[in-house]
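The values are calculated or read from the model by the stated rules, or taken from the named source; none is laboratory data. Keep in mind that what you see is a predicted model, and the values were worked out from it rather than measured. In this analysis, Cβ positions are derived from the backbone assuming ideal geometry, glycine residues included, and neighbour counts consider all displayed protein chains. Surface areas here come from the heavy atoms of the whole protein model, side chains and all, with no ligands, DNA or RNA. Shrake-Rupley method; radii C 1.70, N 1.55, O 1.52, S 1.80 Å.
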Amino acid sequence: MTRVASRERRELVVSGIVQGVGFRPFIYSLARRFELTGLVRNDADGVYIEVEGLPEALDAFYRAISDESPALAVIERMMWRPRTVRGETEFRIDTSRKGAGASTLVSPDVATCGDCLAELFNPEDRRFRYPFINCTNCGPRFTITQSVPYDRRTTTMNRFPMCVDCRQEYDDPSDRRFHAQPNACAVCGPRVRLLDRFGHEVPAAAGDPIHVTASLLREGRIVAVKGLGGYHLACNPFDSTAVGDLRSRKVRQDKPFALMARDLNEVETLCAVEPEEALILESAQRPIVLLTSLATSGVSGEVAPRQKRLGVMLAYTPLHYVLLHDAGIPLIMTSGNRCDEPIAYHDQEALERLHTIADYFLVHDRPIHMRCDDSVTCAVQGNQYPLRRSRGMAPAPIGLAQDIPSPVLACGGELKNTFCLAKGRHALLSHHVGDLENYETLRSFREGIDHFCALFGVHPELVAYDLHPEYLSTKFARDLEDTGMPAVGIQHHEAHIASCLADNQRPKEERAIGVAFDGTGYGTDGTIWGGEFFEGSVRDGFTRRAHLDTVPLPGGEAAIREPWRMALAYLLRLYKPDEILDLPLPIVQAAGDRNVRLIAQLINGGVNAPLTSSCGRLFDAVAALAGVPALLRATYEGQAAIELELASKGTARDGYGFQLSTDGQSCVVETREIIRGVVTDMLSGSSASRISERFHRTMADIVCAVCLRIRQEGGPRAVALSGGTWQNMVLLQQTMARLDVEGFAVYIHRRVPTNDGGLSLGQAVLADCVARTRNGEEVQTLCV
């Protein structure tokens, strides 16, 4: 007699990015394929499933979840347990439940998919030219999500009741728009309007505001365009007058503007695009990608003055696609803000803050819940090298190699601020907040932390901060400490190295040499660091093994804005003031007799001239000596160093001299010979290009020489490169090549920025180890 196989019932919980990515209809289809009954629903922990059927069908169903999951889904964990058979006859999609202690992950915003794009430009489709078309495979996510579980009622789409046709799509498990929370059409969804700078609707644009906006842009007008995570300021990049107007109104003298193009073909009329760059451009993240510009592009030189690269992104919302289609040209799309402020994202706020910049405003009535600026990246050795991690990338979790059992809030630094919530194997790095130098950005920082904590159900038990006492992020953390929350100060450059190691998912006990090069960081010896070599691990902490020699920073913060000050500070280590005034150098002539003597007095008197080992300031000095355009006053962070990099046209066969000495505790890189060599080259008529090439070669040689010395003294073979100076592609590539020849394993950033945008990740993993040390779980301690 044949035995009939018994049915079983199993409960599954799937965690990760599994909400808002078409996961429930995927499960529904799988269940029907394997003839299973039960239910699926969203809950605060991810996706909850109960399935009933034959054991072999249940096993196949379980395997298919991993093998066939939707493209946007990220499955991090699946757990199942047996349940009592109920004898159900169908599989259903159940109502989502909101549980206590939410721990689900939220998808970043996703660029318009190919299916929606085809409908957008199909005159026969009911969503033809509808600027908010989306489905479960694309559209807004993070920027409209108010709370979890991710359902329409918990997003800013809750104010738009669906029409009959949209509701039918939304309720049909076989439809591409099944439970697509932003689902809408022209009948029931958000709408676009064109306003003048006073907030009055432009009557002539009532029928097709996007088409009218495109015409205005072609005519040279500046338009504030409401996008996914905030406003852009748009104008015609081929019109020098329009670009110049945008620069003067926004008070942005030299910093490049980003461009937006319709497709890859259009980008290739502007820039040379390598295959790996094309993949990044066309990814669902749609970041701004730095590409080598073409001389034949026709783009105004005002877009990116003196730059060799353009920052270009592809359209990522249907509104952008329609606007670019009607304009027929790529457009400047730069952050909608005034100088040093966060991007505007509330409509009234945008009108108040941008009306002196924009001639018109293209707005819509879908609220943005969380502002999110564009991400910026480039390609290094075929892989992505992020410079700003924000829209399209945040808040996707950064997987960690070690478990963080107690939730940590890391507050980041001052410039390019991000914060980080870390718990378990996840680090939730925030979107780009900006420079914490004013109240508006600080408010955005606070709002972001509150939102992340509520959205992800994370309640920090430890707060980490930078040692600099005047950073607003540090003051915020110390205020939390005053309320009783345990707090840990983490040295800036140690956080950089820990960030790079965590980015590469290295074990916390792995020892590495860390090379932290940047502009400014608070040192533990009372000086300003920035040219540092460490040895150690995340678990056991880092020892400062070497550093660039220290020089005075005349005028303090003023020396960062005025590179000529650093040039004089380095010259004064070699020459007396009268000898400097006799040197026929452009920087000396530009500074003048009074300033040369004033800087000498500041240094000799030790007045407002703290010592610094900063690599960034050394770059500033060489740039000013070489005569790059930013030698007198930098109009944006790192400008002098950037323009020195731009001056390089190749790789020098020879560098400048340097020496390695010892100060009793660590190795010191003596840089006097570098400056002497630059002066000699200038006096002999060498070009800025030649000086730049020799200097970059020298800095790569220094890194390699110091790492070899540390390794010869028993140090590890792994090297982690982190800090804002490593945004310099000439230095990065030459250094990696030199270290590779010497047999080092080199770690660079791949998932978070090498600049201070990645600092909070390093703070989080180091703070966790400090806390464990305090609790007696670790043997050694970190320097804090």
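Scanning for something assigned to a loop (DSSP other than H, G, I, E, B) and over 35 Å from the mean Cα position of the chain (by Cα), does the range 585-601 turn up at least one residue? Yes - at least one qualifying residue is present in the range 585-601. Selection of the range 424-444 for residues being closer than 14 Å to LEU409 by Cβ and under 15 Å from the mean Cα position of the chain (by Cα) yields ALA427, LEU428, LEU429, SER430, VAL433.
Determine, yes or no, whether LEU58 is touching a residue at least 12 places away in the same chain (Cβ under 8 Å) and within 22 Å of ASP171 (Cα to Cα). Working first, answer last.
Values: touching a residue at least 12 places away in the same chain (Cβ under 8 Å): yes; within 22 Å of ASP171 (Cα to Cα): no.
Criteria not met by LEU58.
For beta carbons closer than 8 Å, sequence separation of 6+ or different chains, a first residue in the range 676-688 that is part of a helix (DSSP H, G or I) and a second that is small (Gly, Ala, Ser), the qualifying pairs are ARG676/GLY657; GLY677/GLY657; VAL678/ALA626; MET682/ALA626; MET682/GLY627; ALA688/ALA626; ALA688/GLY627; ALA688/ALA647. Restricted to the range 151-203, and to residues there that are among the aromatic types (Phe, Trp, Tyr) and either farther than 21 Å from PRO70 by Cβ or in contact with a Ser or Thr (Cβ under 8 Å, 6 or more places away or on another chain) (or both), the residue that is most open to solvent (accessible area, probe 1.4 Å) is PHE198.
Results for (1) under 19 Å from GLN253 (Cα atoms); (2) surrounded by fewer than 23 Cβ atoms within 10 Å (Cβ to Cβ); (3) out of contact with any strand residue (DSSP E or B) (no Cβ under 8 Å at 6 or more places or on another chain); (4) touching a residue at least 60 places away in the same chain (Cβ under 8 Å), shown as yes or no for each residue.
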| residue | (1), (2), (3), (4) |
| --- | --- |
| ALA567 | no, no, yes, yes |
| TYR570 | no, no, no, yes |
| PRO584 | no, yes, yes, yes |
| ALA626 | no, no, yes, yes |
| GLU637 | yes, yes, no, yes |
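Among the residues of the range 304-316, the ones that are under 22 Å from the mean Cα position of the chain (by Cα) and either among the small types (Gly, Ala, Ser) or in a loop (DSSP other than H, G, I, E, B) (or both) come to 6 in all. Note on the range 269-288: residues that are of a type in the set (Gly, Ala, Ser) and in a helix (DSSP H, G or I) total 1.
Going by what's in this entry, would PRO610 be described as open to solvent by 40 Å² or more (accessible area, probe 1.4 Å), in contact (Cβ under 8 Å) with a residue 40 or more places away in the chain and closer than 16 Å to VAL678 by Cβ?
Numbers: open to solvent by 40 Å² or more (accessible area, probe 1.4 Å): yes; in contact (Cβ under 8 Å) with a residue 40 or more places away in the chain: yes; closer than 16 Å to VAL678 by Cβ: no.
Against the criterion (open to solvent by 40 Å² or more (accessible area, probe 1.4 Å), in contact (Cβ under 8 Å) with a residue 40 or more places away in the chain and closer than 16 Å to VAL678 by Cβ), PRO610 does not qualify.
The single condition from (1) of a type outside the set (A, V, I, L, M, F, W, C); (2) touching a Cys at 6+ places or on another chain (Cβ under 7 Å); (3) part of a strand (DSSP E or B) that HIS426 fails is (2).
With the requirement that a residue be under 18 Å from LEU270 (Cβ atoms) and open to solvent by less than 20 Å² (accessible area, probe 1.4 Å), what does the range 233-245 give you? Walk me through how you get there before you give the answer.
Narrowing the range 233-245 to residues under 18 Å from LEU270 (Cβ atoms): 234-240, 242-243.
Listed by number, the residues that qualify are ALA234, CYS235, ASN236, PRO237, ALA242, VAL243.
For the range 6-25: of the residues being modelled with pLDDT of 90 or more and open to solvent by 10 Å² or more (accessible area, probe 1.4 Å), which is farthest from HIS426 (Cα to Cα)? For the range 6-25, the residue satisfying everything is ARG7.
Taking only the range 281-303 into account, find how many residues are under 19 Å from LEU217 (Cα atoms) and touching a Ser or Thr at 6+ places or on another chain (Cβ under 8 Å).
The first filter runs over the range 281-303 and keeps only residues under 19 Å from LEU217 (Cα atoms), leaving 297-303.
Now narrow it down to the ones that are touching a Ser or Thr at 6+ places or on another chain (Cβ under 8 Å): 297, 299-302.
The total comes to 5.
Within the range 274-286, can you find the residues that are open to solvent by less than 30 Å² (accessible area, probe 1.4 Å) and either of a type in the set (A, V, I, L, M, F, W, C) or over 17 Å from LEU228 (Cβ atoms) (or both)? Correct list: GLU277, ALA278, ILE280, LEU281.
Pairs meeting the criteria (first residue in the range 462-481 and free of Cβ contacts under 8 Å to residues at least 60 places away in the same chain and more than 17 Å from ALA495 (Cα to Cα), second residue outside any strand (DSSP E or B) and not aliphatic (A, V, I, L, M), beta carbons under 7 Å, at least 6 apart or on different chains) are LEU472/GLU414. Residues in the range 369-399 that are hydrophobic (A, V, I, L, M, F, W, C) and open to solvent by less than 10 Å² (accessible area, probe 1.4 Å) were compared, and the one that is nearest to ALA495 (Cα to Cα) is ILE398.
So which of ASP67, ASP45 is among the charged types (D, E, K, R), buried (at least 16 other Cβ atoms within 10 Å of the Cβ) and out of contact with any Lys or Arg (no Cβ under 8 Å at 6 or more places or on another chain)? Lay out the reasoning, then the answer.
On the way: ASP67 fails: buried (at least 16 other Cβ atoms within 10 Å of the Cβ).
Answer to the selection: ASP45.
ALA295 fulfils the conditions (1) open to solvent by 30 Å² or more (accessible area, probe 1.4 Å); (2) of a type in the set (A, V, I, L, M, F, W, C); (3) part of a strand (DSSP E or B) except for a single criterion, (3). Look at the range 8-22: where a residue is over 12 Å from TYR62 (Cα atoms) and part of a strand (DSSP E or B) and a partner is open to solvent by less than 20 Å² (accessible area, probe 1.4 Å) and among the charged types (D, E, K, R), sitting 6+ places away or on another chain with Cβ atoms under 9 Å, you get GLU8/GLU52; ARG9/GLU50; ARG9/GLU52. Of the candidates CYS420, CYS453, the single residue that is in contact (Cβ under 8 Å) with a residue 24 or more places away in the chain, closer than 22 Å to ASP482 by Cα and out of contact with any helix residue (DSSP H, G or I) (no Cβ under 7 Å at 6 or more places or on another chain) is CYS453.
Looking only at the range 687-705, residues that are in contact with a strand residue (DSSP E or B) (Cβ under 6 Å, 6 or more places away or on another chain) and surrounded by fewer than 22 Cβ atoms within 10 Å (Cβ to Cβ) come to 0 in all.
The number of residues in the range 625-648 that are among the basic types (Lys, Arg) and at pLDDT 90 or above comes to 0.
For (1) assigned to a loop (DSSP other than H, G, I, E, B); (2) among the hydroxyl-bearing types (Ser, Thr, Tyr); (3) open to solvent by 10 Å² or more (accessible area, probe 1.4 Å); (4) in contact (Cβ under 8 Å) with a residue 40 or more places away in the chain, each residue gets a yes or a no:
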{"residue": "LEU117", "(1), (2), (3), (4)": "no, no, yes, yes"}
{"residue": "PHE128", "(1), (2), (3), (4)": "yes, no, yes, no"}
{"residue": "PRO131", "(1), (2), (3), (4)": "yes, no, yes, yes"}
{"residue": "SER147", "(1), (2), (3), (4)": "yes, yes, yes, yes"}
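It is to be established whether one or more residues within the range 729-740 are on the phi < 0 side of the Ramachandran plot, open to solvent by 40 Å² or more (accessible area, probe 1.4 Å) and in contact with a strand residue (DSSP E or B) (Cβ under 7 Å, 6 or more places away or on another chain).
Step one: list which residues in the range 729-740 are on the phi < 0 side of the Ramachandran plot, which gives 729-740.
Add one more test, that the residue is open to solvent by 40 Å² or more (accessible area, probe 1.4 Å), and what stays is 733, 737-738, 740.
Then drop every residue that is not in contact with a strand residue (DSSP E or B) (Cβ under 7 Å, 6 or more places away or on another chain), which leaves 740.
Yes.
Taking (1) modelled with pLDDT of 95 or more; (2) closer than 30 Å to ARG306 by Cα in turn, ASP254 satisfies each apart from (1). Working carefully through the options GLU693, GLU673, GLU777, GLU742, find the one that is of a type in the set (D, E, K, R) and at pLDDT below 95. On inspection, the qualifying residue turns out to be GLU777. Of all residues in the range 281-307, those satisfying the criterion of being modelled with pLDDT of 95 or more and among the charged types (D, E, K, R) are GLU282, ARG286, GLU302.
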